[in-house]
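The values are calculated or read from the model by the stated rules, or taken from the named source; none is laboratory data. None of the values given here were measured: they were computed from a predicted structure. Note that each Cβ is placed from the backbone with ideal geometry, even for glycine, and that neighbours are counted across all protein chains shown.
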Amino acid sequence: MTTAPAPHATILIVDDDPTTILLATKPLQLAGYTVLQAPGSAEALRLYSEHPQPIHLILTDIFLPPPGFQLSVEKNPYPRVNGLEMVERLLEKKQDIRIILMSSAPGPDLRGRGLIREGLPFLKKPFTGEALLTLIHDTLAGPPAAQRPATPSASGKAEVEWVD
């Protein structure tokens, strides 16, 4: 038996496209959700870590802006990484978060490139407010995302693929 999500749930939308953020924010706020916004992974990671109240769900674009100049991704607590890498970093810190990945690229193409993580809901852009609200409701009512077992690359460091 699943329970209905709390009407006071807080959702963090991560996308570098202001139009997508606006199109997602409006129906969510009208439905009673608290909405936070971030234009990239560095801002989202910082906001998630510093926000005084719980963030219940993250809706993130897979293709976020690539990093500008930064000294080290490993030592920087708020690196600019792609959406999937950001999700993995968040799951390392918090086990009871819900995540929805989104992109305008077709799901099968993303799966073939290893950019969609099995077990996470996927929202194809463009989307309707109704489709967004249904997926948000279902995701909040379901189990939290699970942390993926660590699988280091041959170099022992995580690899990040940047795609234009």
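Structure notes:
- Of the criteria (1) part of a loop (DSSP other than H, G, I, E, B); (2) at pLDDT below 75; (3) of a type in the set (A, V, I, L, M, F, W, C), which one LEU110 fails: (1)
- Per-region count, the stretch 128-164, residues in contact with a Leu (Cβ under 8 Å, 6 or more places away or on another chain) and modelled with pLDDT of 50 or more: 12
- Test: LEU30 is at pLDDT 90 or above, in contact with a helix residue (DSSP H, G or I) (Cβ under 9 Å, 6 or more places away or on another chain), surrounded by fewer than 18 Cβ atoms within 10 Å (Cβ to Cβ) and not polar (S, T, N, Q): yes
This table checks each residue for (1) more than 14 Å from the chain's Cα centre (by Cα); (2) modelled with pLDDT under 95; (3) farther than 28 Å from ALA141 by Cβ.
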{"site": "THR25", "(1), (2), (3)": "yes, no, no"}
{"site": "THR34", "(1), (2), (3)": "yes, no, no"}
{"site": "TYR48", "(1), (2), (3)": "no, yes, no"}
{"site": "GLN53", "(1), (2), (3)": "yes, yes, no"}
{"site": "ILE62", "(1), (2), (3)": "no, yes, no"}
{"site": "GLN70", "(1), (2), (3)": "yes, yes, yes"}
{"site": "ARG89", "(1), (2), (3)": "no, yes, no"}
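- Within the stretch 123-147, residues that are closer than 13 Å to TYR33 by Cα sit with their Cβ atoms under 7 Å from residues that are part of a loop (DSSP other than H, G, I, E, B), at 6+ positions apart or across chains, in these pairs: LEU133/ALA31; HIS137/PRO5; LEU140/PRO5; LEU140/ALA9; LEU140/HIS56.
- When the stretch 12-34 is filtered for residues that are assigned to a strand (DSSP E or B) and under 17 Å from THR128 (Cα atoms), only ILE13 remains.
- Hey, ASP61 among the acidic types (Asp, Glu), touching an Asp or Glu at 6+ places or on another chain (Cβ under 7 Å) and either under 17 Å from ARG98 (Cα atoms) or surrounded by fewer than 22 Cβ atoms within 10 Å (Cβ to Cβ) (or both) or not: yes
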